[in-house]
Each structure stands twice: as structure tokens, then as C-alpha cells.
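Values in this text are rule-based calculations from the coordinates and carry no lab data. Everything numeric in this text was worked out from a predicted model, so none of it was measured. Glycine also receives a Cβ, built like all others from the backbone with ideal geometry; neighbour counts cover every protein chain displayed.
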Amino acid sequence: MAKSPDHKSLRHLGKPSALPVSPAEAVLDRVPNPHSDSNFVARFTAPEFTTLCPITAQPDFAHLVIDYVPGKWLVESKSLKLYLTSYRNHGAFHEDCTVAIGKRLFALLKPKWLRIGGYWYPRGGMPIDVFWQAGRLPNDVWIPDQGVAPYRGRG
């Protein structure tokens, strides 16, 4: 049986947590992967991701899908939720938000492979979909489609 993480070192799990003021101030926690000897895919989906346009301060909405093949670490989900929510009052373009999230997770977790799909709802009549990945996908891993339809009302 894998050793459980030292929960005292985690900032959010099992504790009250305030919403971070910004993505830069948000703390992402990681926990040991109890199955680091196996290749598997972990997926997080954030269908109600929001941020602000850096020019107009109008809200922008996206459906994010994050897939990764863990190495030694897993992202702790409460800290990920808080980190993603910290974008709510953050002004950045769609490309910046999507790639920044992918890079931050990749740097923290050092996974074998990670990809993020940012499926942005249109403003000004044009949806923008942004995709970023890093690492090397192991040969024995099945990666499902991200399951987000091309824009036609996203439904």
C-alpha cells in the first residue's frame, strides 16, 4: 500500500481556503502518485472556466480539458479548482490563459505527458480554441478524445 501524503504540508485539502486574488498568488498542491509504476491518464474538466478580456474587462468563458499521464505527482484537486477560479478576475487573452495553465501544471507535476484544450466561447462572433501539450506520451496509453464538439453552440 502506498504511503499517504503528509496532509499538514498541503495548503488546501481539509482546510478552509480563501479564493486566491490572482493566478500568480494561487498555490497549487501536489500529492504523491500511489501508482507511479503504471501509466494512466488523469483528466480534469472545467466546463465553466471564466476570465476577463484584458482590453474590455468583459467576461470570457471556456470549457477546459486537462489530460496528463502522471509521473511521481498528482495535482491535488481542491488546489486546482482554486487556481482555476483565480482567473475569474484576471485579465488575459485566451491563448495566454490556456498555455499558462498548462505550463504551470507541467512545471509543478513533471508528468510524463500533459495536454490542455481551451475551448473558448465566442465574443465578437468568433470562438478561439487553444491547445498546448508537453512531454512524451507513453506508447501503452490510450488517450480519449477531449469530447468537446467544434463550436455550434457548444451543445
- Evaluation of Leu114 against (1) out of contact with any His (no Cβ under 6 Å at 6 or more places or on another chain); (2) farther than 23 Å from Glu76 by Cα; (3) part of a strand (DSSP E or B) (one fails), failing number: (2)
- Task: Could you run through the range 14-47 and say how many residues are surrounded by 15 or more Cβ atoms within 10 Å (Cβ to Cβ), without any contact (Cβ under 8 Å) to a residue 40 or more places away in the chain and aliphatic (A, V, I, L, M)?
- Result: 2
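Against the condition within 14 Å of the chain's Cα centre (by Cα), part of a helix (DSSP H, G or I), of a type in the set (S, T, N, Q) and over 13 Å from His63 (Cβ atoms), how does Thr98 come out, does it pass? If you could, list the steps in order and put the result at the bottom.
On the way: within 14 Å of the chain's Cα centre (by Cα): yes; part of a helix (DSSP H, G or I): yes; of a type in the set (S, T, N, Q): yes; over 13 Å from His63 (Cβ atoms): no.
Here the answer is no, as Thr98 does not meet what is asked.
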- Hey, Trp113 touching a residue at least 12 places away in the same chain (Cβ under 8 Å), closer than 22 Å to Pro23 by Cβ and buried (at least 17 other Cβ atoms within 10 Å of the Cβ) or not: no
- Note on the structure: Subset of the range 50-105, residues surrounded by fewer than 21 Cβ atoms within 10 Å (Cβ to Cβ) and of a type in the set (Ser, Thr, Tyr), comes to Thr50, Thr56, Ser77, Thr85, Ser86
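Collect the residues in the range 48-69 that are among the hydroxyl-bearing types (Ser, Thr, Tyr) and touching a residue at least 40 places away in the same chain (Cβ under 8 Å), keeping them in residue-number order. Give the derivation first.
Going through the range 48-69, the residues among the hydroxyl-bearing types (Ser, Thr, Tyr) turn out to be 50-51, 56, 68.
Passing the criteria: Thr51, Tyr68.
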